[in-house]
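Colleague: My questions will all concern the structure given below.
The values are calculated or read from the model by the stated rules, or taken from the named source; none is laboratory data. In this text the structure is predicted, and so the values were computed from the model without any measurement. Here the Cβ positions follow ideal geometry from the backbone for every residue, glycine too, while neighbour counts run over all protein chains shown. Ligands, DNA and RNA are stripped out before the accessible areas are found, and what is left, the full protein with its side chains, is counted by its heavy atoms. Shrake-Rupley method; radii C 1.70, N 1.55, O 1.52, S 1.80 Å.
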Amino acid sequence: MPTTPFADVESSEDHLQRGLNPRHVQFIALGTAIGTGLFFGSAETIQAAGPAVLLAYLVAGCVVFIVMRALGEMAVRHPVAGSFAQYSGAFLGPFAGFITGWVFWLELAVVAVADMVAVSTYMGLWFPDVAGWIWMVAAIALIGALNLMAVRVFGEMEFWFSLIKVVAILALVAGGLFLILRGEEVGGTTPDFAHLWSHDGFAPFGLWGIIMSLSIVVFSFGGIETLGMTAGEADDPSRSIARAVNTVPFRILLFYVAALAVIMSIIPWTEVTGETSPFVEVFDALDIPAAEHIMNFVVITAALSAMNAIFYACSRTMYGLAEQGHAPRVFHHVSHRAHIPVVPVLCMFVTGAVGIALYLTIEDRLFFFVAAIATFATVFTWTMILLAHWRMRRAMAAAQVPASDYPVPFFPVPNVLALVFMAGVILLLASTEDGRSAFLVGAGALVALAIAYAALVRGRGREAIVLDQSSGDSSRV
């Protein structure tokens, strides 16, 4: 068999250890999908569609649920650490597994860089004389250390990180409703649900405005698929994954829709400029002392929470790719005591260092590259999940195996609808001025990965994967 850096990995000792309970699983998904985009990026979606952006979130939320149900059915049946990269490799072929895994890793890695930049920016409010790169180094050190501990410690920290964000959102919704029901003037306007339709209508930019906001909305939901990565380390994947898939998408959708509806009922959408966070404006309206500092703490926590979940997902993706023969063998080794894939976690330190270098050289353009790659990669990853699930169901039907315990309802109709939605978003990216750069960067990444596959992957890395049901292991044929 040819010898390459991406070769066989067979070891009875190199297995992850189960230690995530259902609470951990749910909050890991919340950690990646609710980040700085909601707290400071929501103004952009409001400006794109007006109050009708709520419809865009509802439509995208339905698609997210379909994607997560498809991923959940595969994860419950085959709880492996590599998640959808393994599923793509098993049901769509080894090249698809390679592409899916590395695209997802790239998506989260660049978002982690954005979160590092966010930490440095927000720490500047309290320590304006400290160089931003110092806070980036501190964030990498903290999150990297957490990810080198036992997975249960990581899960517990992510729970508390995410809980702070959830409490902040609930406080905004509750406080906003109080202002609306009180009906007293705030900042020159009286809070009222009528603001949702009284300023040039509910959809001031029509259907096109809703469509134009979809790419931003999809990016906001990106990362929720991290939930599938927990299957290899969940205490009871059948129960944990099923419960999380049924609840997490709706919770995230509720947080986004409820929070934005309250914000636009207090502050007319025409006055949401994006210069400050809408959350800060609402907290100021509640006359909460030091609202700016409270929200600064929340956003820093949100960025650290997202980094924490991203480090976890990226390291498990690399572990799974090594198991497939699509990454160096050393990525598959785990520590003897904590059963953590140490080298993949250390690689995230290197990724962080690259992010710091980019921050010091192209700070003004860094977020462009991050958004361009992540938006395209999110849609691509969701599409591969749906296609892999479809092929799994076809294979099950052909082999006349028993039905899944957690099937996608009304299959294949939901898959078709979701794939049509994905195609529409890709078309939107390719045909609009703002999205074309994202499309080109994403397409370029796919070409580069295809070249890497042809040049580096040999032997077992080009053989089909066979997943053992409910074993958490994979093998080759």
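Colleague: Inspect the range 320-330 for any residue being assigned to a helix (DSSP H, G or I), touching a residue at least 12 places away in the same chain (Cβ under 8 Å) and surrounded by fewer than 24 Cβ atoms within 10 Å (Cβ to Cβ) and give the result as yes or no.
Modeller: Yes - at least one qualifying residue is present in the range 320-330.
Colleague: Turning to a different aspect of this structure: Open to solvent by 50 Å² or more (accessible area, probe 1.4 Å) and either among the hydrophobic types (A, V, I, L, M, F, W, C) or farther than 23 Å from Ala150 by Cβ (or both): is that true of Ala403 in this structure?
Modeller: Here the answer is yes, as Ala403 does meet what is asked.
Colleague: Continuing with the same structure: Just to be sure before I move on: is Gly442 modelled with pLDDT under 80, under 19 Å from Gly97 (Cβ atoms) and among the small types (Gly, Ala, Ser) in the structure I sent?
Modeller: No: the conditions fail for Gly442.
For (1) at pLDDT 85 or above; (2) buried (at least 24 other Cβ atoms within 10 Å of the Cβ); (3) touching an Asp or Glu at 6+ places or on another chain (Cβ under 7 Å); (4) more than 26 Å from Val370 (Cα to Cα), each residue gets a yes or a no:
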position: Ser162; (1), (2), (3), (4): no, yes, no, no
position: Ile180; (1), (2), (3), (4): yes, no, yes, yes
position: Ala203; (1), (2), (3), (4): yes, no, no, yes
position: Phe221; (1), (2), (3), (4): no, yes, no, no
position: Thr226; (1), (2), (3), (4): no, yes, no, no
position: Thr230; (1), (2), (3), (4): no, yes, no, no
position: Asn246; (1), (2), (3), (4): no, no, no, yes
position: Ile266; (1), (2), (3), (4): yes, yes, no, yes
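Colleague: Quick test for you: out of Val80, Val76, Val59, pick the one residue that is open to solvent by 10 Å² or more (accessible area, probe 1.4 Å), modelled with pLDDT under 85 and touching a helix residue (DSSP H, G or I) at 6+ places or on another chain (Cβ under 9 Å).
Modeller: The conditions single out Val76.
Colleague: If I go through the range 205-215 residue by residue, how many of them are open to solvent by less than 40 Å² (accessible area, probe 1.4 Å) and on the phi < 0 side of the Ramachandran plot?
Modeller: Going through the range 205-215 one residue at a time, the tally reaches 5.
Colleague: Further question on the same structure: State which residue is modelled with the highest pLDDT when the search covers only the range 268-286 and only residues that are in a loop (DSSP other than H, G, I, E, B) and over 13 Å from Pro191 (Cβ atoms).
Modeller: Val272
Colleague: Applying the selection to the range 333-350, what residues are out of contact with any Gly (no Cβ under 9 Å at 6 or more places or on another chain), open to solvent by less than 30 Å² (accessible area, probe 1.4 Å) and outside any loop (DSSP other than H, G, I, E, B)?
Modeller: Residue satisfying the conditions is Pro344 alone.
Colleague: Select from the range 394-433 the residues that are touching a residue at least 40 places away in the same chain (Cβ under 8 Å) and touching a Ser or Thr at 6+ places or on another chain (Cβ under 9 Å) and list them in ascending order.
Modeller: Asp405, Tyr406, Ala418, Met422, Val425, Ile426, Leu428, Leu429, Thr432
Colleague: Here's a check for you: in the range 212-227, which residue that is under 24 Å from Met74 (Cα atoms) and among the β-branched types (Val, Ile, Thr) is nearest to the chain's Cα centre (by Cα)?
Modeller: By that ranking, first place goes to Ile224.
Colleague: Here's something else I'd like to know. Any residue in the range 113-126 that is within 30 Å of Tyr453 (Cβ to Cβ) and of a type in the set (D, E, K, R)?
Modeller: Checked against the condition, which is being within 30 Å of Tyr453 (Cβ to Cβ) and of a type in the set (D, E, K, R), the range 113-126 yields at least one hit.
Colleague: If you check Gly155 against the conditions, is it modelled with pLDDT under 85 and touching a strand residue (DSSP E or B) at 6+ places or on another chain (Cβ under 7 Å)?
Modeller: Spelling it out, Gly155 is indeed modelled with pLDDT under 85 and touching a strand residue (DSSP E or B) at 6+ places or on another chain (Cβ under 7 Å).
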